[in-house]
1. Hey, can you find the accessible area per residue of the chain for me, probe 1.4 Å, expressed in square angstrom?
2. Around residue 254, which amide H atoms from residues at least 5 apart in sequence, or from another chain, sit under 5 Å from its own amide H, with H modelled in the peptide plane?
3. Net charge near residue 30: determine it from the other residues with C-beta under 12 Å of the C-beta of residue 30, scoring Lys and Arg +1 and Asp and Glu -1.
4. Between residue 280 and residue 15, what FRET efficiency comes out of the Förster formula 1/(1 + (r/R0)^6) with R0 = 56 Å and r the beta carbon distance, rounded to 0.05?
5. Just round it to a whole percent: the fraction of Cα-Cα distances in segment 59-103 exceeding 14 Å.
6. Ratio of Rg to Rh for segment 30-187, alpha carbon only, Kirkwood?
7. Can you tell me the length gained on complete extension of the stretch residue 186 to residue 297, counting 0.36 nm per residue apart and subtracting the Cα distance?
8. Please enumerate, by chain and number, the lysines with C-alpha under 30 Å from the C-alpha of residue 84, excluding those fewer than 8 residues away in the same chain.
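The values are calculated or read from the model by the stated rules, or taken from the named source; none is laboratory data. Quick caveat, the model's predicted, so the values are computed rather than measured. When we count neighbours, we look across all protein chains shown, and the Cβ atoms used for this are built from the backbone with ideal geometry, even at glycine. What goes into the accessible areas is simple: the full protein's heavy atoms, side chains included, and nothing from ligands, DNA or RNA. Shrake-Rupley method; radii C 1.70, N 1.55, O 1.52, S 1.80 Å.
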Amino acid sequence: MTDMMRAAVLTEPGRFEIRSRPIPTPGPGEVLIRITRVGICGTDLHIFHGNYAADSLPMVPGHEFTGTIRALGAGVGGLTPGAKAVVDMNIGCGACYWCRRNEILNCPHMRQMGITMDGAFADYMVVPARLVIPAPDAVPDAVLALTEPLSCVVRAARKAQVTFGQSALVIGAGPIGNLHVQLLRTIGAAPIIVTDRSADRVAMAVAAGADIGVSDPAQLRHAVMAATEGRGTDVVVESVGQPALYAEAMRLMRRGGHLAAFGLTGPEAELPLNILDTILHENSVKGSVAGMGQDMHDALTLLVHGRIDTAAFTRASFPLEQIQQAFDSIPDRPDDLKTQIVVA
């Protein structure tokens, strides 16, 4: 093992630099991971464009990653050097009220790899051993790198308590919207309606499991009501992050329905909520953005057993040295639901 490694540092919004850094050494309770693949997340794009976590720059982003266990710190057991692994990106204190409930984002000491601290766009990364999840050697790295984004979708479905036979509307047919559709199909939700301004992405979501696709906003309400006997859907997932779409989601869910608030908005955005209707109709709204704990294990299980069609997520990749080109070219490659950085 050499003493130095490469790290893609986002020095300012829109600009990466490949820098040489010492390979970190795992301390007690830590593991050194040799990074192999990292997915570019929508959150990474927000950071890249200066719209999120700007106070963390300069920083190494990247949190959708897989790799191999290279070295164990003192006191670490149950993990094998050389084995493949995925890692839960959310670091809580592990002892507080929220950590005990697997609500790590509410932990007062919470940190997130690649968002509030250096992440995985690098050759190596030291992580807490308790967040390392061994993965089967037979599963390709490109598929394993989808564990974290799928875990976010798993958590949203868990929070919404989605079950078979429920109707669902997914707003947004991008990478996460597509995963929402596929997971809802696996759970047994029906019918599943998906909407996006991109007809191509709607078509991809329909091919992946949606029953109805709508790319014309003027036709959305009619399509939803026609598919639900005029009630609206049991569940609406907003996966875009636009206040106007959140308001539309409230209008398209049935009385007593549930809004899964998933798409990130700006910090000042608000959702008007009619309190009386919420009480009398027993409506519900619950936020969810990051998978953690059991969500990661469940997502890995779904991927290992082929419950998710990953083809559209794994066909675009760039070497670490071309990370700037990878980020810059994403708007020109709408058919690539996911772009991954190949590190090793």
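1. For the chain, the per-residue accessible area is 44 Å².
2. Those qualifying (amide H under 5 Å, at least 5 residues apart or on another chain) are 233, 234.
3. Here the charged neighbours net out to +2.
4. 0.60
5. 66
6. Rg divided by Rh gives 0.98.
7. 38.3 nm
8. In chain and number order, the partners are 159, 338.
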